[in-house]
1. Exposure proxy check: S194, S165, S65, S126 ranked by fewest other beta carbons within 10 Å?
2. Out of all Cα-Cα pairs in the range 50-151, roughly what percent, to the nearest whole number, are more than 24 Å apart?
3. May I ask you to list the residues of the range 201-227 whose amide nitrogen lies under 16 Å from a point 7 Å from Cα along the Cα→beta-carbon direction of S161?
4. Report the full-extension gain for the segment N130 to D284: residue separation times 0.36 nm, less the Cα-Cα distance, to one decimal in nm.
5. Report, in listed order, any pair from K202/K240; K124/K202; K177/K240; K143/K250; K35/K124; K47/K182 with a Cα-Cα distance greater than 25 Å.
6. How far apart, in nanometres, would the label points at I20 and D186 be if each is projected 7 angstrom from Cα along the Cα-to-Cβ direction?
7. For the residues K27, K204, K35, what sequence is obtained by ranking on other C-beta atoms within 10 Å, fewest first?
8. May I ask you to list the residues of the range 183-206 whose amide nitrogen lies under 20 Å from a point 7 Å from Cα along the Cα→beta-carbon direction of K143?
Amino acid sequence: ISEPDNMATRASPESHEGDIDLGPELKPPEAQRFKNDILGGVGVAPKPIVLFGEGNFTFTIALASIRDDWSSGKISPDYGIKATCWHVERPEFADARKEAEEYCIVNGEKMGLSTKDIRINTTKVSKVCNFSDTWQDGVTALKVAKDLVAGKVVWFQCPWSDTSSRTTAVLIQCFMKHMAKKQDIDNILVIGISTHEDYIEKYKLENILGERPGETVIYGYKYLGYDKNIIKLILQRGYKHVGYKEMHEKIIATHLTLVFRREDDVSDPTKIMDRLEGLDKKMDGLGLKEKAKAKP
Ligand SMILES: C[S@@+](CC[C@H](N)C(=O)[O-])C[C@H]1O[C@@H](n2cnc3c(N)ncnc32)[C@H](O)[C@@H]1O
């Protein structure tokens, strides 16, 4: 299957704001592998994926419509997608799909697509079947059962904290730490962000990417790089960002996808520190530290 014409990526995100080092863009073969995992490819089924923090399920429907295309209709009835939301009311499927259809037009025009391509996108989205019985509300990305995510891709699109007791940066770090306990080695974790200057600093990306992005394992994950293409395809299929303020139009050109891979614990320095800390506490509890100090 070649990339359909209407999926050509014509709008490029604005340049990254500020001095934040986002590391390398995903390069082949990782970029191809990522595309296969998310969308499927020639003779390749996309991987099962769990979406966290949905706002209006237009992202879910847009992704389903692309997966359907790329898998030549051979995808399972739920498109291999488990979509979840937190503190958000789950919409009726027909309403969410209608909104995605409308945003094929809004986004397509903004991204410079031809009328014909916009029509193709709208038609594809209108054909997404109702799989909302698999959607789940009340799911926090910070406490999940292992079988929800193990062996799957996890994607948190535009995380933003909905409580004053936790910043968005902390939400992201807690998400990674929690997923590290539940995902299997080699599983992919994705965080969708906006590089708009009003938001990028709030993520405190240095905490999850490190000083030299991609070189270290942080919270159990190796950063593979960013992708700017798949999110554009999702936007063309009607993803409408929901924020606490109306900001879709403001950030449409600045979406970027950060891609991480769960690494073996052996190469994870944070795990070693955790273990040392645990050992220290155990020694303390047994009074062994005092004994060791008392020794000449
Ligand atoms: C800026 S909105 C983005 C919504 C949607 N992902 C989108 O891109 O349109 C941030 C989302 O993060 C979700 N969120 C915040 N804390 C969360 C948590 N602990 N677990 C899951 N989702 C969370 C909110 O419910 C909200 O839907």
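Quick note: the coordinates plus some simple rules give every number you see, no bench work behind them. Everything numeric here is computed off the predicted structure, so don't read it as measured data. Here Cβ is always computed from backbone atoms with ideal geometry, including for glycine, and neighbour counts include all displayed protein chains.
1. Values: S194 25, S165 6, S65 28, S126 14.
Exposure proxy ranking, most exposed first: S165, S126, S194, S65.
2. On the way: 1337 of 5151 pairs.
Value for the range 50-151 (Cα pairs over 24 Å): 26 percent.
3. It comes to 201-208, nothing else.
4. Numbers: separation 154, 0.36 × 154 = 55.44 nm, distance 5.65 nm.
Stretched out fully, the N130 to D284 stretch lengthens by 49.8 nm.
5. Working: K202/K240 21 Å; K124/K202 35 Å; K177/K240 28 Å; K143/K250 32 Å; K35/K124 19 Å; K47/K182 17 Å.
Over 25 Å Cα-Cα: K124/K202; K177/K240; K143/K250.
6. Distance between the two pseudo-spin positions: 3.1 nm.
7. Working: K27 10, K204 16, K35 21.
Lowest to highest Cβ neighbour count: K27, K204, K35.
8. Of the residues in the range 183-206, 183 have backbone N under 20 Å from the label point off K143.
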